[in-house]
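Enquirer: Can you keep this structure in mind? I'll have questions shortly.
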Amino acid sequence: MPKPLTVEDRQLTAALDLLGHTGADQVKLWYCDEEKPPLVWVCAACWSGRWECAASTGPLEAVFRLCDQVIDGGTCTHCHRPTGFTPDLDPMPLDVMICWYQWDPELSEFRRGCAGSVP
């Protein structure tokens, strides 16, 4: 019987999906262990031939850093507010001014702040 997915597993999958929703046509996640320590995880994504990447000592953190890098400071295509990314569940500051992409544990996805309020 397979092990049930942890919150971190679900967040990793959801964050990779979120990168796809930003328009990335390729997303890659790998580790480099050429020098020990540390083991370094890299997440890279490509938008129309332009690559961006982020790294950390864990896969989830590497993906979160890339989400931060490409989502923070963007513009929501639905509500036209500036965008931000956070894995936190807590209410975010300036949520009236910023469309935060936050973890929704019920749906196991990162939802935009304006989801459901903007057609």
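Enquirer: Can you name every residue in segment 1-17 that is of a type in the set (Lys, Arg) and without any contact (Cβ under 8 Å) to a residue 12 or more places away in the chain? Explain how you work it out, then say what you get.
Expert: Taking segment 1-17 first, the residues of a type in the set (Lys, Arg) are 3, 10.
Correct list: 3 only.
Enquirer: Hey, can you tell me all the residues within segment 59-77 that are closer than 25 Å to residue 106 by Cβ, at pLDDT 95 or above and more than 14 Å from the chain's Cα centre (by Cα)?
Expert: Within segment 59-77, 76 is the sole residue that qualifies.
Enquirer: Out of all the residues in segment 29-63, which are in a helix (DSSP H, G or I) and in contact with a Ser or Thr (Cβ under 8 Å, 6 or more places away or on another chain)? Lay out the reasoning, then the answer.
Expert: First, the residues of segment 29-63 that are in a helix (DSSP H, G or I): 59-63.
Selection gives 62 alone.
Enquirer: Being aromatic (Phe, Trp, Tyr) and either farther than 12 Å from residue 15 by Cβ or more than 17 Å from the chain's Cα centre (by Cα) (or both) is the requirement here; does residue 51 meet it? So that I can check it myself, show each step before the final result.
Expert: On the way: aromatic (Phe, Trp, Tyr): yes; either farther than 12 Å from residue 15 by Cβ or more than 17 Å from the chain's Cα centre (by Cα) (or both): yes.
Against the criterion (aromatic (Phe, Trp, Tyr) and either farther than 12 Å from residue 15 by Cβ or more than 17 Å from the chain's Cα centre (by Cα) (or both)), residue 51 qualifies.
Enquirer: Considering only segment 72-88, I want to know if a residue exists there that is exposed (fewer than 14 other Cβ atoms within 10 Å of the Cβ) and among the hydrophobic types (A, V, I, L, M, F, W, C).
Expert: no
Enquirer: Do you know which of the residues in segment 37-57 that are at pLDDT 95 or above and not hydrophobic (A, V, I, L, M, F, W, C) is surrounded by the most Cβ atoms within 10 Å (Cβ to Cβ)?
Expert: The residue in question is 56.
Enquirer: Of these, 29, 39, 16, 5, which one is over 19 Å from residue 114 (Cβ atoms), within 12 Å of the chain's Cα centre (by Cα) and not β-branched (Val, Ile, Thr)?
Expert: Working: 29 fails: within 12 Å of the chain's Cα centre (by Cα); 39 fails: within 12 Å of the chain's Cα centre (by Cα); 5 fails: within 12 Å of the chain's Cα centre (by Cα).
From the options 29, 39, 16, 5, the qualifying one is 16.
Enquirer: Condition test on residue 24, is it over 23 Å from residue 105 (Cβ atoms), among the aliphatic types (A, V, I, L, M) and not in a loop (DSSP other than H, G, I, E, B)? Full working, then the answer.
Expert: Numbers: over 23 Å from residue 105 (Cβ atoms): yes; among the aliphatic types (A, V, I, L, M): yes; not in a loop (DSSP other than H, G, I, E, B): no.
Considered against the rule, which asks whether it is over 23 Å from residue 105 (Cβ atoms), among the aliphatic types (A, V, I, L, M) and not in a loop (DSSP other than H, G, I, E, B), residue 24 comes out as no.
The values are calculated or read from the model by the stated rules, or taken from the named source; none is laboratory data. Quick caveat, the model's predicted, so the values are computed rather than measured. No Cβ is skipped: glycine too gets one built from the backbone with ideal geometry, and neighbour counts run over all protein chains shown.
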